[in-house]
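This report refers to the structure that appears directly beneath it.
The values are calculated or read from the model by the stated rules, or taken from the named source; none is laboratory data. Quick caveat, the model's predicted, so the values are computed rather than measured. All Cβ positions, glycine included, derive from the backbone under ideal geometry; neighbour counts span all protein chains shown. Accessible surface areas use protein heavy atoms only, side chains included; no ligands, DNA or RNA. Shrake-Rupley method; radii C 1.70, N 1.55, O 1.52, S 1.80 Å.
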Amino acid sequence: MTVKAYAAHAADQPLAPFAISRREPGPQDVVIEIAFCGVCHSDLHTVRSEWGGTLYPCVPGHEIVGTVSAVGSAVTRFAAGDTVGVGCIVDSCRTCSACGEGLEQYCDGGLTGTYNSPTPDAPGHTLGGYAQRIVVDESYVLAIRHKPEQLAAVAPLLCAGITTWSPLRHWNAGPGKRVGVVGIGGLGHMGIKLARALGAHVTGFTTSPPKRQAILDLGAHEVVVSTDKAAMKAAQSSLDLIINTVSHSHDLDPFLGLLRRDGTMVMVGAPEKPHPAIGVFNLLIRRRSLAGSLIGGIAETQEMLDFCAEHGVVSDIEVICMDEIEHAYSRMVKGDVRYRFVIDNSTI
Ligand code: NAP
Ligand code: ZN
Ligand code: ZN
């Protein structure tokens, strides 16, 4: 079936209207009419091939919400009319130990990403949510239980939400824990909301002083402007866990110094260029850890969505028309987004 989408044809080309084909639904497939798609910084890294290896034409988008229009004969969990989501994963090997543990994001066979991953479907790699419709195996489709009017603001939970939820849960953020979130963009603002909803004491670290009040309004107990050396010194050795979401290469040492004994800084930001080498004494003293985390598994994503529906957690968004995407990207590069752009897919 032919579907209208927006695609880039090269790293230096803007996104433009493009017709793509989706596979005819097989027995396990769910056909989804996409209502909204969030704009993740990973979309921009990929479209511009900042990580290398982008397959063109590239249709990004992995924060997808919409309505089921048809299901295959063997589908049991979804029916036409259901409100559903699709995040960053549309398939995995299903047999390795990671898949067996519901950690499809660490699939030994390699997960199939929602875009830019090899697939038997034309054109040979997956095409994401900047499109009218998508066809996904039901095992990788999420149920959305928020109110209908919240749907656009739910979309960013499918990547920004789960990418911060997974490390918060893995490293036991909750009452009595002091959590820092570095970089308050799409991921960071969800990190603050989720850490707060889990009961942790939350500090936001930003390079943007004008965001201070807004970060408190998101639920942070404290805000530190990370370029303010005195404020950073005052916060030394105070945190159990840091979620670092920054999309650019930066000096990690000042942030490692914020950890108390046995604290961990988890890197989720994935910049184009490596961070400068860290000072190893910043780890040795206080037995600190530096870790990384990749999105989250399917079961964990459903757990996060259900938690957010129950606690009224959604993303703070700015809805855009599809043809505003390049302007949205340029604002994202400047850090000028409060806090997630979401495409209204009816404008494609
Ligand atoms: P975003 O909305 O652009 O937010 C990034 C934030 O980082 C900015 O708002 C800004 O916050 C801060 N920042 C930007 N440039 C900076 C600089 N030069 N120095 C210091 N701080 C800077 O991006 P996002 O969508 O949240 O994504 C963040 C990163 O996570 C991207 O690299 C993305 O690819 C990656 N990501 C990883 C995963 C994963 O599975 N690990 C999943 C999704 C995304 P302040 O203004 O508050 O400083
Ligand atoms: Zn993403
Ligand atoms: Zn696997």
Q | Most to least accessible of Ser346, Ser315 (protein chains only, probe 1.4 Å) | A | Ser346, Ser315
Q) Using a Förster distance of 56 Å, how high is the FRET efficiency between Ser69 and Ile278, based on the Cβ-Cβ distance and rounded to 0.05? A) 0.70
Q) How high is the relative contact order of the chain, given as a whole-number percent (alpha carbon pairs under 8 Å, six or more residues apart)? A) 18
Q) With all protein chains present, how much of the accessible area of the range 1-138 (probe radius 1.4 Å) comes from carbon and sulfur, to the nearest whole percent? A) 52
**Q.** Virtual spin-label span in nm between Ala16 and Val319, 7 Å along Cα→Cβ
**A.** 2.9
Q) Applying 1/(1 + (r/R0)^6) with R0 = 45 Å to the Cβ-Cβ distance of Asp253 and Asp306, what FRET efficiency is obtained, to the nearest 0.05? A) 0.75
(Q) Can you compute the modelled spin-label distance between Gln213 and Arg77, with each label point 7 Å from Cα toward Cβ, in nm? (A) 4.4
Q. Roughly how many percent of the accessible protein surface of the range 201-348 is carbon and sulfur, given a 1.4 Å probe and a whole-percent answer?
A. 54
Q. Rolling a 1.4 angstrom probe over the protein heavy atoms, how many square angstrom per residue are accessible across the range 209-306?
A. 48
Q: Find out how many positive minus negative residues lie around Thr227, taking Lys and Arg as positive, Asp and Glu as negative, among other residues whose Cβ is under 13 Å from that of Thr227.
A: +2
Q) Could you give the length gained on full extension between Ala143 and Lys334, defined as 0.36 nm per residue of separation minus the Cα-Cα distance, in nm? A) 65.4 nm
Q: Under 1.5 on a/c is rounded, so check that first for the range 11-91, then, if it is not, pick prolate when a/b is larger than b/c and oblate when it is not; a ≥ b ≥ c are the square roots of the alpha carbon gyration tensor eigenvalues.
A: prolate
(Q) Nothing charged except the Cβ atoms of Lys and Arg (+1) and of Asp and Glu (-1): what's the magnitude of the dipole of the range 58-140 about its Cα centre? Round to the nearest 20 debye. (A) 180
**Q.** the chain shape via C-alpha gyration tensor axes, a/c threshold 1.5
**A.** prolate
Q: Return the calculated 222 nm mean residue ellipticity for the chain, to the nearest 500 deg cm²/dmol, obtained by summing -39500 (n - 2.57) across DSSP H runs with n ≥ 4 and dividing by the residue count.
A: -6000 deg cm²/dmol
Q) According to the square roots a ≥ b ≥ c of the eigenvalues of the Cα gyration tensor, what is the shape class of the range 47-140, taking rounded for a/c under 1.5, prolate for a/b larger than b/c otherwise, and oblate for the remainder? A) oblate
Q) Accessible area of Asp316, 1.4 Å probe, to the nearest 10 Å²? A) 60
Q. What is the dipole size for the chain, taken about its Cα centre, with +1 at each Lys and Arg Cβ and -1 at each Asp and Glu Cβ, in debye to the nearest 20?
A. 1220
Q. Quick one: how many lysine pairs in the chain have C-alpha atoms under 22 angstrom apart, if they're 8 or more apart or on different chains?
A. 8
Q) If you stretched the chain out fully between Ala299 and Val225, how much longer would it get, using 0.36 nm times the residue separation minus the C-alpha to C-alpha distance? A) 23.1 nm
(Q) Tell me the relative contact order for the range 113-211 as a rounded percent, counting alpha carbon contacts under 8 Å between residues six or more apart. (A) 20
Q. Among 294-302, 61-69, what's the highest-first ranking by average C-beta atoms within 10 angstrom per residue?
A. 61-69, 294-302
Q.
Please compute the modelled spin-label separation between Tyr106 and Lys233, points set 7 Å along Cα→Cβ, answer in nm with one decimal.
A. 4.0
Q. Rank Tyr115, Tyr56 by accessible area, highest first, at a 1.4 Å probe radius?
A. Tyr56, Tyr115
Q: Give the relative contact order (percent, whole number) for the range 214-348; include only Cα pairs under 8 Å separated by 6+ residues.
A: 16
Q: Leaving out ligands and nucleic acids, note down the accessible area per residue over the range 92-207 with a 1.4 angstrom probe, in whole Å².
A: 34
